[in-house]
Amino acid sequence: MKHTHKRIMSIFAAAALSVCSLPQGTPLLLRPAVIASAADSGTCGENLTWTYSKSTKALTISGAGNMDDYNQCIWIASSNKHRPWDDVDGDITKVVIENGVNGIGSYAFYSQSVTEISIPDSVTTLSKSAFCGCDELTEITLPGGISEISDYAFNECKALKKVTIGEGTAALGDYAFWNCEELTEISLPDSLQSIGRAAFSNCTALAEINIPESVCQIGSSAFYNTAWLNAPSDEPLIIINGILYRYREPMDNVVRNIEVPDGVTFVTNGAFRGVGKIGSVTLPASVTEIDENAFYNCYGLNKVTISEGTTKIGESAFEACSQLKEITIPKSVTEIGEDAIYADASMKIYGYTGSYAETYANENGIWFIALDGDDPFAEPTVSPSGFVWQITARDPDDATASTTSPTVIFSNEAV
């Protein structure tokens, strides 16, 4: 039986960890294991009971209210709470949650041999990892009263093929369906607003997904290594409801200059991460935020232009972009995260005097060129009497110290 095998493995793992963590010389007190007698019913919440039928291999949860939360390491003595049905004499292949139950506890059915699950409309809470590792489950229908499908809820349900989520659900948690490698059909409600980090990552058979217009937030790697994302396309930019989710790099060796279209409002975490064959990027005024790691390690990127309207550049947004030499930052930017911009001796930030961009440049030892002032790197102006060039010098050892020379005139007259 699957859960019996996992019980034995967990006991050995727990014993090994306990012995290794003892100080040297500590005497070991070994005592025989106590095996609980098999039970077929009990409590699993303040007002909830459970019953198990050996003939049908069905576990039924009855009553009103929320189930208890449990711990992943269910056979380690220090775990939060022991799942009572792990002692039943037989596999659990069917779970029936009766009307009146409001919440399914964390790890409640973790790694069970469940093939069928019935969840009523009364359920409003589906806690972390509730059905994680149920790798014989093939189909699940979730009522819309569940406002959020919590983190890892169906993580590694490797036989899961079809998921239907009812109208009313607003969020999918991080890794909610991670590594459900047989998943081919997912029905998302129009009420859905956010899809968490890696929610469908490694769902390798998922070739089609219709994302409702209501979705306004998509986490990094939400669709990583899905057939949908990996499908060949003539359009490298994947834009979902104004979210620039991912740049799908073409297979050729052409270096491209990217102009993000107007209407994009958010560049998500890792959208261009690791892309090497882009030379420059121009972002429109509609973009309000560049998320953390958005352009991390774009090692061919040399120029970025951000338009007025963007307010935030996230942490490490342009970190490890080793060829990046100039970035234009508008007045509207009021927040720049830690290590947001790769800085070396040749890096220059173009911005406006008194802006947050200037503050960031000064604090991080980056050349700052004021767009509303003289550019020390510009070509000198030419007049009949000679060349006119005003120079601003910044101390490389103290980015806050700078001096601006008087106007320098190089005469055409012979000296």
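The values are calculated or read from the model by the stated rules, or taken from the named source; none is laboratory data. Predicted model, so just to flag it, every value in this text is computed and none were measured. Virtual Cβ from ideal backbone geometry, glycine too; neighbours counted across all protein chains shown.
Yes or no, residue by residue, for (1) outside any loop (DSSP other than H, G, I, E, B); (2) surrounded by fewer than 18 Cβ atoms within 10 Å (Cβ to Cβ):
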position: G274; (1), (2): no, yes
position: C298; (1), (2): no, no
position: S316; (1), (2): no, no
position: C321; (1), (2): no, no
position: I327; (1), (2): yes, no
position: V333; (1), (2): no, no
position: Y350; (1), (2): yes, no
Out of all the residues in the range 300-314, which are outside any strand (DSSP E or B) and more than 18 Å from L244 (Cα to Cα)?
G300, N302
List, please: which pairs have Cβ atoms under 7 Å, are six or more places apart or on different chains, and start with a residue in the range 304-328 that is in contact (Cβ under 8 Å) with a residue 40 or more places away in the chain and end with one that is outside any strand (DSSP E or B) and not acidic (D, E)?
G314/A294; G314/G337; G314/A340
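May I ask you to list the residues in the range 248-272 that are within 16 Å of the chain's Cα centre (by Cα) and either of a type in the set (A, V, I, L, M, F, W, C) or part of a strand (DSSP E or B) (or both)?
Going through the range 248-272, the residues within 16 Å of the chain's Cα centre (by Cα) turn out to be 266-272.
Within the range 248-272, F266, V267, A271, F272 meet the criteria.
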Regarding T268, is this residue surrounded by 17 or more Cβ atoms within 10 Å (Cβ to Cβ), more than 22 Å from I329 (Cα to Cα) and in contact (Cβ under 8 Å) with a residue 12 or more places away in the chain?
no
Just to be sure before I move on: is Y350 among the hydroxyl-bearing types (S, T, Y) and farther than 26 Å from N241 by Cα in the structure I sent?
yes
May I ask you to say which residue of I278, I243 is within 24 Å of the chain's Cα centre (by Cα) and either modelled with pLDDT under 95 or under 21 Å from S332 (Cα atoms) (or both)?
I243
